[in-house]
Amino acid sequence: MLILNRKKEESIQIGDDIEIKVVAVEGDQVKIGIEAPRSVDVYRKEIYIKIQEENQEASTASDELINLLKNFKKE
């Protein structure tokens with residue numbers, strides 16, 4: 001993990017397209033702004049994990065449904 005120190009109004013550049021800027025520091029909270037192309041999805045980590053879990057559940061349910069349909073055809 002790369003760890004960088006930034007002050008208010010300072011940025012971090014990721015590649016050519018993504019800029020992360022420290023907008024404000026208030027107590028133990030840091031507000032950041034992210035500029036990225038619309039084609040890049042940006043999520044809070046906990047939301048990203050939830051999406052991944054739900055996608056996995058949906059995929060498992062789809063696999064189970066396909067197996068049920070295959071077994072149904074055999075009968």
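All of Val22, Val42 fail the test of being part of a strand (DSSP E or B), among the hydrophobic types (A, V, I, L, M, F, W, C) and at pLDDT 95 or above, apart from Val22. In segment 45-75, which residue that is at pLDDT 75 or above and of a type in the set (D, E, K, R) is farthest from Lys7 (Cα to Cα)? By that ranking, first place goes to Lys70.
Determine if segment 49-68 includes at least one residue that is in a loop (DSSP other than H, G, I, E, B) and under 23 Å from the mean Cα position of the chain (by Cα). Among the residues of segment 49-68, not one is in a loop (DSSP other than H, G, I, E, B) and under 23 Å from the mean Cα position of the chain (by Cα), which makes the answer no.
The values are calculated or read from the model by the stated rules, or taken from the named source; none is laboratory data. Note that the structure is predicted; figures quoted are calculated from it, not measured.
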